[in-house]
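Asks: Would you mind keeping the following structure in view while I ask a few things?
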Amino acid sequence: MPDELCIPVSSEIDIVTARQKGRELAARLGFSNTELTLIATAISEVTRNIVEYARRGELCLSIVQQGNKRGISVIASDRGPGIPNIKLAMQDGYSTGHSLGLGLPGAKRLMDEFEIVSEVGKGTKVTMKKWVQNNVR
Amino acid sequence: MLVPILKQGDYLIASIQSELSDADLLKLRDDLVSRVGEFHSRGVIVDVTVLDVMDSFATRTLRAMAHMIMLRGAETVIVGIQPEVAFSMVQLGLKLEGVETALDLEEGLTLLDHRTKGDNKRAR
Amino acid sequence: MKREKINQSTPESEAALRQELVEHFREKRELLRQQWVQQMNAKGLLAGLTQEEIENESITIYDTCIVCLETGEYEGAQTYARRMAERGVLRGMTTEQIIGGILTLRNVYGRSLFEWYQQDMERLSAALDIYEPVADKIISVVALAFVEEREKVVRQQQEAIRELSTPVLQVRDQLLILPIIGVIDTHRARQITEQLLRTIRTRRAKVVVMDITGVPAVDSKIAGHLVQTVDASKLMGATVIVTGISPEIAQTLVTLGVDIAKMNTVGDLQGGIEVANEFLGYKVVRTEPETSLNHQEKKVQ
Ligand SMILES: Nc1ncnc2c1ncn2[C@@H]1O[C@H](COP(=O)(O)OP(=O)(O)OP(=O)(O)O)[C@@H](O)[C@H]1O
Ligand SMILES: [Mg+2]
């Protein structure tokens, strides 16, 4: 498995693939079992949002390094309808899909870094990172 | 991936065998809800031991399923949620409100026995 | 003593001089090494080491330093310093002992150069230009190895203390007690939760009494973590009874919007254990005083 890969997302089957690949890559970095689960769950949420709201898009995974920190980067991007009010979308319980509205704010809690850029009519891009702990050396 | 559903006395037991796609999960929900009616089951156990991710969709679907089953007069117990998965679920903000949970199949059966026996007493 | 820089030194002459130094130190090895050990002894730097250890270590260190001088490579020194640090820290050697030892060696080498080149100041100066950077580098390699080792040990100890500070105790079949003592931060809260969830699984626990009498303060964030611990345990089929909630913490929980009525709370640990026992179908019965003064527990079916 390379250090970087992108998975085209166009159906709910791809959600399973995305989180499996994410788990694999993260496992190579030495994340704990709990952290692997957190990462896979966050990937599941953002990938499902693509399928649900934008129909198609892409999920990219890569290993990132910052100083002596190593981690995984997850980027979910689509050219879907975009999100008119990001602040609202990031609130627990806000959903236009009659769902729980926990996907985005929840994914943010599961990861160390979370950034969302979206423009109505252009698309949405969610960038998330998680760093390996206790890896000072 | 189909989930086998076993009928054991008054109960139905669904043991998930591998990671499920959304469609698989929806199918499981529909199957269980219809079988509960068909067999007049009093309890349902869904064993999720093998699942290493329970995201908002899975949680919402299981919750909705338990409510539908309740409307048909049976109890649902979700068993086998792994420590990491439980941790991840609460971090995400997910709860299985109104759904019983137990450590594993054995505990789930004990719980159902307990609860349906209570119902019996009340019924008499 | 005056040292003039010689700028005309060519690469060849420098290489030749370097080789000359290496040979000099090799030739004088026994003498210089003895001097070094003596001086360290006089300064009390060898406390706690056996004669054999002193012999072996001093030979290896002496030779390793010469290799650094000869090749300009420090990998061997690094590896050796790390190994030494591991052993040294384990045996409780002080920083003074380690750094003092290396500084003494530096002096011994330096003095021998002064003696050897005392007739030729220019050559001495050139020799020092070669020797000193190597000596400095060696000292920094050793110091770094020890600092890193200390940090590693401290980290490990912190982890161990954290684990120990929140033991998950099994009182009886299906019942765990989690006494939390001291300040909780996010990291610790996570660790406690993870540890508890794993123990619920391995011990097949159904009830957990979480006692927070020993927790001095809880902000809304930590209260949130405690609620998560309760919820996650529930997902695994275990009920958590929280005991020892101070009025302040109760206030925080209410402000947070936590429905305390939904949480199982009992005043103190003792009461919590009693409730847990009841929950599990046990009953505490006081037997006749003549039989026993202690409480005896019986399972009630
Ligand atoms: N990729 C996207 N493109 C367009 N809109 C999006 C996208 N992702 C999220 N949204 C909008 O943001 C809202 C919040 O998303 P979030 O994932 O938090 O909740 P949800 O998908 O509605 O519910 P849940 O994820 O809990 O099932 C969505 O309801 C949707 O309106
Ligand atoms: Mg979503």
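Asks: Find the residue count for the range C:193-220, including only residues that are away from every other protein chain (no Cβ under 12 Å) and either assigned to a helix (DSSP H, G or I) or among the charged types (D, E, K, R) (or both).
Replies: Selection size over the range C:193-220: 3.
Asks: On to the next question. Quick one: which strands (runs of 3 or more DSSP E) lie wholly within the range B:1-111 and hold at least 1 residues that are within 12 Å of the chain's Cα centre (by Cα) and at the interface with chain A (Cβ under 10 Å from one of its Cβ atoms)?
Replies: The strands (runs of 3 or more DSSP E) meeting that bar number zero.
Asks: Got a sec? Which of A:Thr37, A:Thr17 is surrounded by fewer than 19 Cβ atoms within 10 Å (Cβ to Cβ) and more than 8 Å from ligand 1 (Cβ to nearest atom)?
Replies: Numbers: A:Thr37 fails: surrounded by fewer than 19 Cβ atoms within 10 Å (Cβ to Cβ).
Residue meeting the stated conditions: A:Thr17.
Asks: So, one more: Within the set of pairs 6+ apart or on separate chains, which have a first residue in the range A:102-125 that is of a type in the set (A, V, I, L, M, F, W, C) and more than 10 Å from ligand 1 (Cβ to nearest atom), a second that is at pLDDT 95 or above and assigned to a strand (DSSP E or B), and C-beta atoms under 6 Å apart?
Replies: A:Met111/A:Met128; A:Met111/A:Lys130; A:Phe114/A:Met128; A:Val117/A:Lys125
Asks: Next question, about the same structure. Can you find a residue in the range C:97-116 that is over 15 Å from the mean Cα position of the chain (by Cα), over 30 Å from C:Gln270 (Cα atoms), open to solvent by less than 60 Å² (accessible area, probe 1.4 Å) and free of Cβ contacts under 8 Å to residues at least 12 places away in the same chain?
Replies: Within the range C:97-116, the first condition is being over 15 Å from the mean Cα position of the chain (by Cα), and the residues that meet it are C:97-116.
If we keep only those that are over 30 Å from C:Gln270 (Cα atoms) as well, we get C:97-116.
Now restrict to residues that are open to solvent by less than 60 Å² (accessible area, probe 1.4 Å): C:97-102, C:104-105, C:108-110, C:112-113.
With free of Cβ contacts under 8 Å to residues at least 12 places away in the same chain added as a condition, the list becomes none.
Scanning the range C:97-116 turns up no residue that is over 15 Å from the mean Cα position of the chain (by Cα), over 30 Å from C:Gln270 (Cα atoms), open to solvent by less than 60 Å² (accessible area, probe 1.4 Å) and free of Cβ contacts under 8 Å to residues at least 12 places away in the same chain.
Asks: Sticking with this one: Do we find that A:Arg70 is touching a strand residue (DSSP E or B) at 6+ places or on another chain (Cβ under 8 Å), at pLDDT below 95, more than 10 Å from ligand 1 (Cβ to nearest atom) and open to solvent by 80 Å² or more (accessible area, probe 1.4 Å) in this structure?
Replies: Values: touching a strand residue (DSSP E or B) at 6+ places or on another chain (Cβ under 8 Å): yes; at pLDDT below 95: yes; more than 10 Å from ligand 1 (Cβ to nearest atom): yes; open to solvent by 80 Å² or more (accessible area, probe 1.4 Å): yes.
Considered against the rule, which asks whether it is touching a strand residue (DSSP E or B) at 6+ places or on another chain (Cβ under 8 Å), at pLDDT below 95, more than 10 Å from ligand 1 (Cβ to nearest atom) and open to solvent by 80 Å² or more (accessible area, probe 1.4 Å), A:Arg70 comes out as yes.
Asks: Take C:Arg198 and decide whether it is more than 18 Å from B:Phe87 (Cβ to Cβ), among the charged types (D, E, K, R) and open to solvent by 30 Å² or more (accessible area, probe 1.4 Å). Spell out how you get there, then give the answer.
Replies: Working: more than 18 Å from B:Phe87 (Cβ to Cβ): no; among the charged types (D, E, K, R): yes; open to solvent by 30 Å² or more (accessible area, probe 1.4 Å): yes.
No.
Asks: Go over the candidates C:Val240, C:Val258 one by one and state the one that is within 14 Å of chain B (Cβ to nearest Cβ), of a type in the set (Val, Ile, Thr) and farther than 18 Å from C:Thr213 by Cα.
Replies: Only one candidate passes the filter, namely C:Val258.
Asks: Sticking with this structure for a sec: Specify which of the listed residues (A:Gly30, A:Gly93, A:Gly101) is of a type outside the set (D, E, K, R), surrounded by 14 or more Cβ atoms within 10 Å (Cβ to Cβ) and outside any strand (DSSP E or B).
Replies: Testing whether each residue is of a type outside the set (D, E, K, R), surrounded by 14 or more Cβ atoms within 10 Å (Cβ to Cβ) and outside any strand (DSSP E or B) leaves just A:Gly101.
Asks: Same structure, new question: Residue check: is B:Thr101 open to solvent by 40 Å² or more (accessible area, probe 1.4 Å) and modelled with pLDDT of 95 or more?
Replies: Values: open to solvent by 40 Å² or more (accessible area, probe 1.4 Å): no; modelled with pLDDT of 95 or more: yes.
The answer is no for B:Thr101.
The values are calculated or read from the model by the stated rules, or taken from the named source; none is laboratory data. In this text, all values refer to a predicted model and were calculated from it rather than measured experimentally. Neighbour counts are summed over all protein chains in view; Cβ atoms, including those assigned to glycine, are modelled from backbone coordinates with ideal geometry. With ligands, DNA and RNA removed, areas are computed over all heavy atoms of the protein, side chains included. Shrake-Rupley method; radii C 1.70, N 1.55, O 1.52, S 1.80 Å.
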